[in-house]
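Notes for the one structure printed next.
The values are calculated or read from the model by the stated rules, or taken from the named source; none is laboratory data. What you see is a predicted model; the values in this text were computed from it and never measured. Methodologically, a virtual Cβ is constructed for each residue, glycine included, from the backbone with ideal geometry; neighbour enumeration extends over all protein chains shown.
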Amino acid sequence: MLAWLPLSLWSGVGVASAKQSDLFIQWITIKGNKTFSDSQIKKLLTTKREGLFSFFHKTPYREEILKKDIDRIRKFYRSEGFYDAMVELEEVRKVSLKQVRIVIKVQEGPPTLVEFLKLRINGKDTSPWHPELMNLLPLKVGKRFRIEDYKKSRKIILRFLSEWGYPKAKIDQKARIFRKTKKARVFIDVDTGPVCIIGNISVRGLNKVERREIFHNLLFKIGDRFQASKIKESQKKLFDTQLFSFVDIEVTGLEDRTSPVVGVLVRVEEAKPYTVRSGFGYGTEDKLRGRVELEARRFFGDGRRLKVYARGSFREQSLETSFIQPHLFYSNHWFEWKTGWQREDQEGYKVRTFFSAPRLNLALFPLTTIYAGHNLEFNKLDEIYANPDPLNQLSNRQKDNYFISSLVFGTTREKVDNPIDPSEGYRIYLRSEWASQWTGSEASFIKASCEVRKYTPFMKRFIVGMRAKWGTIVNLEDSQEIPIFKKFFAGGGNSIRGYPYQKLGPLDSEGNPLGGESVVEANFDFRFPVKIFERKIEGVLFFDFGQVAEKQINLSLTDFRYTTGCGIRYKTPIGPLRLDLGYQLNPPDQDFFGPFQFYFSIGQAF
């Protein structure tokens with residue numbers, strides 16, 4: 001027989017039948033909550049199920065902990081503007097000898113709304129900054145009064161003024177809460193203080209690294225007007241040099257509010273001169289893969305870096321050396337030279353390549369980099385699996401060896417919140433390659449590609465991801481075939497997910513990909529949280545379409561191949577573990593592969 005026991009009786013009657021230390025929580029129910037979801041409230045609780053196998057492992061029940069949890073919920077509601085909210089333990093239901101279910105009842109009541117908001121800057125009710133600041137403030141007239149918004153308003157104003165050269169601004173905030181009428185009146189008085197310039201820059205913590213390496217990466221100098229974003233960006237830029245394991249930039253002299261001068265103190269800890277990294281993984285397309293890397297910092301002094309790394313999988317193997325010379329001409333220039341050997345065993349061909357690729361990079365803007373360089377390749381085409389015409393073997397029309405000398409130009413622009421698993425921002429990649437007899441190349445072509453990725457948060461919990469890619473290659477010599485390893489291929493876990501790797505587009509009679517001179521790809525992801533055993537799981541619904549054309553692309557909507565599917569992501573520190581299932585909506589006539597494709601890998605599809 002099931003027993004219903006209120007908390008007040010539990011310490012008496014309940015303990016007689018079972019010790020509190022022997023009881024476990026099977027489930028927690030929240031009743032009466034309208035503004036906040038169950039999951040939002042349960043995140044406040046210490047009394048909850050824990051562990052990966054929490055369906056089988058229950059948290060022990062503790063009355064004193066549950067009382068603190070209920071008090072925490074009350075404080076949460078008050079901080080959210082519900083000053084008359086009532087939270088109480090309605091019942092503890094004993095469902096077995098050692099298991100209980102807890103019911104917490106919430107009566108929210110009406111919220112307190114912001115009735116009046118007054119912002120004064122240097123004693124004035126109006127200024128050129130008023131419209132923009134009022135728009136930035138989370139506190140709004142008619143909106144629920146939240147303590148978090150009240151505190152955040154102060155930070156937003158200070159950040160805004162620091163960007164305009166006022167790091168010594170002082171803010172006086174007051175809020176009056178009227179419990180009976182459920183209204184709040186907020187007063188914010190701002191004293192901007194003087195506009196400030198940077199008076200001196202000092203550095204601490206240097207040992208082997210030259211002092212000029214610090215100043216090469218600072219986006220400000222003595223005499224510049226103070227700008228908070230440049231302080232933050234300089235800190236990131238210094239850390240990205242990989243010369244330092246710790247970087248902190250502190251603004252000094254803020255206590256003297258009358259002086260228009262501030263100082264900057266840069267504190268660093270130098271990183272070790274050598275680093276060895278290794279890792280391995282598994283993916284559906286390349287199977288087992290691994291990487292070993294040796295990096296030498298301060299290579300021949302200054303900020304030069306040398307990397308030597310070997311990578312291997314069932315599909316590709318490579319040994320590569322990369323040399324980076326920062327500040328070649330100015331602080332925003334750097335030179336990079338990659339050289340090495342690579343072997344590819346793709347679906348349509350097998351090739352070995354020795355390459356040398358020097359490149360000059362220019363950080364045109366904080367988020368934009370343009371580059372120009374030279375690409376020198378010696379390619380040995382070991383085997384061609386693709387066979388478009390049984391009477392005229394493709395391998396007979398392709399040379400065994402290719403010497404390619406080309407000029408490369410491109411630009412990248414990136415602004416994302418998380419490089420490994422972005423949820424907001426964008427990435428843009430543009431690249432072009434020109435090879436001809438004028439550059440000393442045996443093959444003559446122009447190859448260009450453009451790729452755009454966009455990540456947009458939706459209703460705070462969902463993410464919409466979009467990707468579009470276009471590419472084309474133009475043969476400058478009609479008498480010679482474009483090498484197959486320079487053509488475009490599509491299909492796979494990072495491309496059109498309803499098709500096998502590289503098998504979207506022209507295929508031979510045995511299902512081997514021929515590649516094409518043009519490609520179009522588009523991907524749409526709808527990512528949403530999934531609660532499984534209290535773990536960070538993300539679900540994905542996707543829709544992809546694209547096509548590879550044998551010649552220059554001239555496609556209508558009916559020529560594209562469309563796929564849809566779903567997937568799941570398990571978040572880890574090195575990126576999400578990804579599992580995707582794609583389905584072809586308009587499969588090709590060939591029956592070389594089924595309409596369903598399954599992919600497992602690490603990292604998002606794009």
Residue identified as surrounded by fewer than 20 Cβ atoms within 10 Å (Cβ to Cβ), modelled with pLDDT under 95, under 31 Å from the mean Cα position of the chain (by Cα) and not β-branched (Val, Ile, Thr) among Lys460, Lys454, Lys399: Lys460
Which condition number does Gly253 fail, the rest of (1) within 29 Å of Gly205 (Cα to Cα); (2) small (Gly, Ala, Ser); (3) surrounded by fewer than 13 Cβ atoms within 10 Å (Cβ to Cβ) being met? (3)
Can you find a residue that is closer than 18 Å to Tyr583 by Cα, buried (at least 21 other Cβ atoms within 10 Å of the Cβ) and not acidic (Asp, Glu) anywhere in the stretch 512-520? no
Inside the stretch 135-161, can you point out the residues that are touching a strand residue (DSSP E or B) at 6+ places or on another chain (Cβ under 9 Å) and within 13 Å of Val190 (Cα to Cα)? Ser153, Arg154, Ile157, Leu158, Leu161
When you scan the stretch 170-186, how many residues do you find that are touching a helix residue (DSSP H, G or I) at 6+ places or on another chain (Cβ under 9 Å) and without any contact (Cβ under 8 Å) to a residue 40 or more places away in the chain? 3
Within the stretch 312-327, is there a residue that is over 30 Å from Gly493 (Cβ atoms) and surrounded by fewer than 15 Cβ atoms within 10 Å (Cβ to Cβ)? no
Considering only residues that are at pLDDT 55 or above and of a type in the set (Val, Ile, Thr), which ones fall in the stretch 1-52? Ile25, Ile28, Thr29, Ile30, Thr35, Ile41, Thr46, Thr47
Residue check: is Tyr77 at pLDDT 90 or above, crowded, with 19+ Cβ neighbours inside 10 Å, closer than 28 Å to Ala175 by Cα and among the aromatic types (Phe, Trp, Tyr)? yes
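Residues checked against (1) assigned to a strand (DSSP E or B); (2) under 18 Å from Asp544 (Cβ atoms); (3) hydrophobic (A, V, I, L, M, F, W, C):
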position: Tyr429; (1), (2), (3): yes, no, no
position: Ser432; (1), (2), (3): yes, no, no
position: Trp438; (1), (2), (3): no, no, yes
position: Ile446; (1), (2), (3): yes, no, yes
position: Met466; (1), (2), (3): yes, yes, yes
position: Trp470; (1), (2), (3): yes, yes, yes
position: Gln480; (1), (2), (3): no, no, no
position: Arg497; (1), (2), (3): no, yes, no
position: Gly511; (1), (2), (3): no, no, no
Boolean, Val209 is in contact with a Lys or Arg (Cβ under 9 Å, 6 or more places away or on another chain), modelled with pLDDT under 95 and more than 21 Å from Val261 (Cβ to Cβ): yes
Check the stretch 469-487 and report whether any residue there is buried (at least 16 other Cβ atoms within 10 Å of the Cβ) and under 16 Å from the mean Cα position of the chain (by Cα). no
So, first residue at negative phi in the stretch 226-254, second residue of a type in the set (S, T, N, Q), Cβ within less than 6 Å, six or more apart or across chains; the pairs are Ala228/Ser162; Lys237/Asn217; Leu238/Asn217; Val247/Gln235; Ile249/Gln235
